[in-house]
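Read through the structure below, which is laid out as structure tokens, and then see the notes.
The values are calculated or read from the model by the stated rules, or taken from the named source; none is laboratory data. Keep in mind the model is a prediction, meaning the values are calculated, not measured. Here Cβ is always computed from backbone atoms with ideal geometry, including for glycine, and neighbour counts include all displayed protein chains.
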Amino acid sequence: MYINRYNIYTFIHKALRSVMCQALTKLGRVDDTDVTDIEQNLKDIEKLLSLCLSHLEHENQFIHSILLDKAPGLQLPTIKEHEEHVQHISDIQEEIHKIRLVSPPQRQRCLLSLYRHMAVFLAINFEHMQLEETLMAQRLWDNFSDDEIHHMEQNLVASIPPEQRLETTILILANISHSERRELLAGMRESSSQELFALVVNSLKTHISEPYWQKLNAELQMAA
Ligand SMILES: [Fe+2]
């Protein structure tokens, strides 16, 4: 019944899963005797946490509240889960703050503790994203046309500052499949200015492998 409907969560969640896996793996390998490496890892985790926070705020404001306006009686498990994520993010931010204050002998133990807490937080997020891509997507399809869902997404994207929007676009393009990337870029070429499209293409080139880039370019004829 809903085959080929548009799933608003898929692309951004692929990007998030990639950043989450990379940040956690990097933290596990940290040189816990090197203050510079420790600080870089803490900053990476902080950046990931702020990405998670802005992502859930976007979902609340531009997707889930619109769904509740349309169908006020719906029970959305994501509301409570998002509240729990906000608390979890705040707890981890506090933990990072404390790591910056502890003396070197305690730091190794604290970093391992942070690594484990991040693993649990990301595991919770992985389950949450699965729920959104299945149950929540279904509820959107039940209540809105694909045009209306695209309109929600356009409003969400328009609320993001241009520089951050470009960074997110590249993050998505670098972490979706070849077919998805080709389709998204073809649509962007239709809807964006030549300058913006060129900027996206040039930025993307450094984020995907050469064989992937060559194949994409052969199909879309993007490069000069
Ligand atoms: Fe969410």
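Key figures
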item	result
Test: residue in the stretch 124-141 that is loosely packed, with under 14 Cβ neighbours inside 10 Å and more than 16 Å from the ligand (Cβ to nearest atom)	no
Matching option when the condition is assigned to a loop (DSSP other than H, G, I, E, B) and more than 21 Å from Ala23 (Cβ to Cβ), among Leu131, Leu74	Leu74
Unique residue being β-branched (Val, Ile, Thr), more than 16 Å from the ligand (Cβ to nearest atom), at pLDDT 95 or above and touching a helix residue (DSSP H, G or I) at 6+ places or on another chain (Cβ under 7 Å) when the list is Val30, Val19	Val30
Any hit, the stretch 9-16, residues being over 19 Å from His117 (Cα atoms) and of a type in the set (Gly, Ala, Ser)	yes
Number of positions in the stretch 169-224 that are at pLDDT below 95, surrounded by 14 or more Cβ atoms within 10 Å (Cβ to Cβ) and in a loop (DSSP other than H, G, I, E, B)	2
Criterion (at pLDDT 95 or above, within 25 Å of Glu167 (Cα to Cα), part of a helix (DSSP H, G or I) and within 16 Å of the ligand (Cβ to nearest atom)) met by exactly one of Ile66, Ile45, Ile89	Ile89
Test: residue in the stretch 137-154 that is assigned to a loop (DSSP other than H, G, I, E, B) and under 26 Å from Tyr212 (Cβ atoms)	no
Tabulated pairs, the stretch 34-61, first touching a residue at least 60 places away in the same chain (Cβ under 8 Å), second in a helix (DSSP H, G or I) and within 12 Å of the ligand (Cβ to nearest atom), C-beta under 9 angstrom, 6+ apart or interchain	Cys52/Leu16; Cys52/His85; Cys52/Asn125; His58/Ile12; Glu59/Thr78; Glu59/His82; Glu59/Glu132; Glu59/Met136
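Condition check ((1) within 16 Å of the ligand (Cβ to nearest atom); (2) in contact (Cβ under 8 Å) with a residue 40 or more places away in the chain; (3) over 14 Å from Tyr6 (Cβ atoms); (4) in contact with a strand residue (DSSP E or B) (Cβ under 8 Å, 6 or more places away or on another chain)) across all residues:
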| position | (1), (2), (3), (4) |
| --- | --- |
| Leu114 | no, yes, yes, no |
| Ser145 | no, no, no, no |
| Gln154 | no, no, no, no |
| Gln164 | no, no, yes, no |
| Leu171 | no, yes, yes, no |
| Leu185 | no, no, yes, no |
